[in-house]
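Peer 1: What follows is a structure written as C-alpha cells; I'll ask about it next.
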Amino acid sequence: MNDLNLERKPLKIQGSKILEVFLDTHRVRLLEPFMQQPRSIPEAAQICGLNVKKMAYWVNKFQEYSLLVEVESARARQAALYTAQTTHFVVEDLDSLLVQEYTEQQFGPLWKVFMADICADSRRYADMWDFHVLMDEQGSLVRDFAPAWERATYRYDPERVIGNGINTWAMLPLSRDDAHDLMSRLEQLLSEYVQKASASPDAQTFLVHLGLVRHTSSSTHELH
C-alpha cells in the first residue's frame, strides 16, 4: 500500500463536536494509531487498550466528523483499514474558552498530582510541622511551614529546600529581555536534566513543573 502520509496536508478544523475530540486527552489518543498508518479496528483497539466494540464506536464517530477515511474495505477474514484524513490538523478561530478548557484538561490533573506529592513528601520528612507567621528582614509578612524539630532554632530562609521537593513562587518585575533570558535559561536547565534522566541505576521519578507567564492584574494572588 502506498504511503498516504506523503500526500497529506494540514486539515483545517471547525465545529464544536470535533473540537471536543481534540480537547479531550483520552479521545484524541484514539485517533493517534490512524495518524501513524492505516489500521484496522482490532489493531487500533489493541494499541489503545479498548475493546473492539468501543473502538468501532469511535471509528464511526471519527468518520462522521471526517477525521477518518476507509482506505481498504473488509474482505473475507480481513478487517477494513482506516486512516486519518491527515497527520496535521489545524483548529482555527480559537477563543479564550477553548484555551481555558484545554489548559484545565491537559494540566489540571498534573497540578493536583503535584500538590498531592508535595504533601506526601512533607509527611515523610516530619511527623509534625509548625506553621510560622512572621515579619521577614524586609518587613514583609511571611507564612512558612517548618519541621517541629526546628522550633527552637527556626530562621526563615526562602532558599531552603526540605525533603525531595521544591515549590517556589515569585512575582518579578522584569524587562522583556530579562524575561526571555530567564525563560531560555530555565528551559536549557530542564533540557540538560532530561538528557540525564534514568542515567542512574537508583533513579527515582520526580514530577517537574516549569512555569513562567506574564502576570495580569485581574488574577492577583498573595504569594506569602
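The values are calculated or read from the model by the stated rules, or taken from the named source; none is laboratory data. Computed from a predicted model, the values in this text were never measured in an experiment. Cβ placement follows ideal geometry from the backbone for every residue including glycine, while neighbour counts extend to all protein chains displayed. To get the accessible areas, we keep the full protein, side chains included, count just its heavy atoms, and leave off ligands, DNA and RNA. Shrake-Rupley method; radii C 1.70, N 1.55, O 1.52, S 1.80 Å.
Peer 1: If I filter the stretch 66-79 down to residues being open to solvent by less than 50 Å² (accessible area, probe 1.4 Å) and modelled with pLDDT under 90, which single residue comes out as farthest from M35 (Cα to Cα)? Spell out the reasoning first.
Peer 2: From the stretch 66-79, those open to solvent by less than 50 Å² (accessible area, probe 1.4 Å) are 67-68, 72, 79; that's our starting set.
Retained after the next criterion (residues that are modelled with pLDDT under 90): 72, 79.
Values: E72: 15, A79: 18 Å.
Going through the qualifying residues, I end up with A79.
Peer 1: Then there is this: Kindly list the number of the only condition in (1) at pLDDT 80 or above; (2) farther than 30 Å from L207 by Cβ; (3) surrounded by fewer than 16 Cβ atoms within 10 Å (Cβ to Cβ); (4) not hydrophobic (A, V, I, L, M, F, W, C) that fails for Q36.
Peer 2: (2)
Peer 1: Further question: From the list D130, D95, D144, D136, which one is out of contact with any Ser or Thr (no Cβ under 9 Å at 6 or more places or on another chain), at pLDDT below 80 and not aliphatic (A, V, I, L, M)?
Peer 2: D95
Peer 1: Considering (1) modelled with pLDDT of 80 or more; (2) over 29 Å from the mean Cα position of the chain (by Cα); (3) in a loop (DSSP other than H, G, I, E, B), say which one L174 fails and leave the rest.
Peer 2: The failed condition is (2).
Peer 1: Please enumerate the residues belonging to the stretch 47-61 that are part of a helix (DSSP H, G or I) and out of contact with any Cys (no Cβ under 8 Å at 6 or more places or on another chain).
Peer 2: First, pick out the residues of the stretch 47-61 that are part of a helix (DSSP H, G or I): 47-48, 52-61.
Those that are part of a helix (DSSP H, G or I) and out of contact with any Cys (no Cβ under 8 Å at 6 or more places or on another chain): I47, C48, V52, K53, K54, A56, Y57, W58, V59, N60, K61.
Peer 1: Out of the stretch 14-64, which residues are among the acidic types (D, E) and closer than 28 Å to V99 by Cβ?
Peer 2: Residues satisfying the conditions are E20, D24, E32, E64.
Peer 1: Say we look at the stretch 48-65 and pick out the residues that are out of contact with any helix residue (DSSP H, G or I) (no Cβ under 9 Å at 6 or more places or on another chain) and on the phi < 0 side of the Ramachandran plot; which of these is least open to solvent (accessible area, probe 1.4 Å)? So that I can check it myself, show each step before the final result.
Peer 2: Pass one, the stretch 48-65, residues out of contact with any helix residue (DSSP H, G or I) (no Cβ under 9 Å at 6 or more places or on another chain): 49, 57, 60, 63.
Applying the additional criterion that residues be on the phi < 0 side of the Ramachandran plot yields 57, 60, 63.
Values: Y57: 110, N60: 94, Q63: 65 Å².
Out of the qualifying residues, it is Q63.
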